[in-house]
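The values are calculated or read from the model by the stated rules, or taken from the named source; none is laboratory data. These numbers come from a predicted model, not from an experiment. Here the Cβ positions follow ideal geometry from the backbone for every residue, glycine too, while neighbour counts run over all protein chains shown. Note: areas computed on protein heavy atoms with side chains; ligands, DNA, RNA excluded. Shrake-Rupley method; radii C 1.70, N 1.55, O 1.52, S 1.80 Å.
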Amino acid sequence: MILIADIIAIGAVVSGALLCLAAAIGLARFRDTVSRMHASSKPQTLGLMLTLTGALLHVLVHGTRDTTTLGDLGLLTLIICFALGTAPIIGNRVGHEAYKEGLIDDANLARDDSSGCRG
């Protein structure tokens, strides 16, 4: 049972690290603000969640059931919830401000859902 949990934890941490690497490459390679916003919010948040879930699983399996371990588990859970609560909101606000400022490459948009939003 411990071996299976360790394999799952390692897989989650490695997958999360690869997603974070993909987000970093996307931030460096993409041209406009919306593309960079997408790269910084979606894969980065999922990568963080996977990495922290792997750490959470490792602490659950190998940690003792004392106050310190329970505090670590609570802190990891709070970090995951905080990332899920803030990243989409920040991405939405950055995209909206970029659209208002005209920092979006309109020629590369597949469709424009915010018509009439520019002020």
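For the chain, set up a GNM with springs between Cα atoms under 10 Å and report which of ALA87, ALA39, ALA28 has the largest fluctuation.
With Cα springs under 10 Å in the chain, the top fluctuation among ALA87, ALA39, ALA28 is at ALA28.
Which of the listed residues, THR86, LEU56, THR68, is farthest toward the dipole's positive end in the range 46-113, when Lys, Arg count +1 and Asp, Glu count -1 at the beta-carbon?
Checked the options; the winner is THR68.
When Lys and Arg each count +1 and Asp and Glu each count -1, what net charge do the other residues less than 15 Å away from VAL59, Cβ to Cβ, add up to?
-2
If I fit a long axis through the Cα atoms of helix 2-29 and take the longest principal axis of the Cα atoms of the chain, what angle between them do I get, 0 to 90°, rounded to 10?
Result, in degrees: 20.
Which trypsin sites (Lys or Arg not before Pro) does the range 12-47 hold that lie in a coil by DSSP with at most 11 other beta carbons within 10 Å? List each step's numbers first, then the result.
Values: sites: ARG29, ARG31, ARG36; in loops: ARG31.
Hits after loop and neighbour filter: ARG31.
Evaluate the charge dipole of the chain about its Cα centre and quote only its size in Debye, nearest 20, assuming +1 on the Cβ of each Lys and Arg and -1 on the Cβ of each Asp and Glu.
Values: 9 positive and 10 negative charges, 20 e Å.
My answer is approximately 100 debye.
When you take every Cα atom in the chain, what is the radius of gyration, and what is Dmax, the widest Cα pair distance, in Å?
18.6, 59
Residue farthest toward the positive end of the dipole of the range 1-83, with Cβ of Lys/Arg at +1 and Asp/Glu at -1: which of ILE25, ALA5, PRO43?
Working it through, the farthest residue towards the positive pole turns out to be ILE25.
Residue by residue, what Karplus-based ³J(HN,Hα) values in Hz, rounded to whole numbers, does the range 44-57 have, using 6.51, -1.76 and 1.60 with θ = phi - 60° and x for Gly and Pro?
Here the 3J(HN,Hα) series is 5, 5, 5, x, 5, 4, 5, 5, 5, 5, x, 5, 4, 5 Hz.
Zone of ASP72 (label point 7 Å along Cα→Cβ, backbone N under 15 Å): which residues in the range 1-42?
From the range 1-42, the list is 6, 9-10.
What whole-number value in Å² describes the accessible area per residue of the chain for a 1.4 Å probe? Don't skip to the end; give the middle numbers.
Values: 8000 Å² over 119 residues.
On a per-residue basis, the chain sits at 67 Å².
For the chain, what % of the accessible area comes from carbon and sulfur atoms, probe 1.4 Å?
Numbers: 5380 of 8000 Å².
So the carbon and sulfur contribution to the accessible surface is 67 percent.
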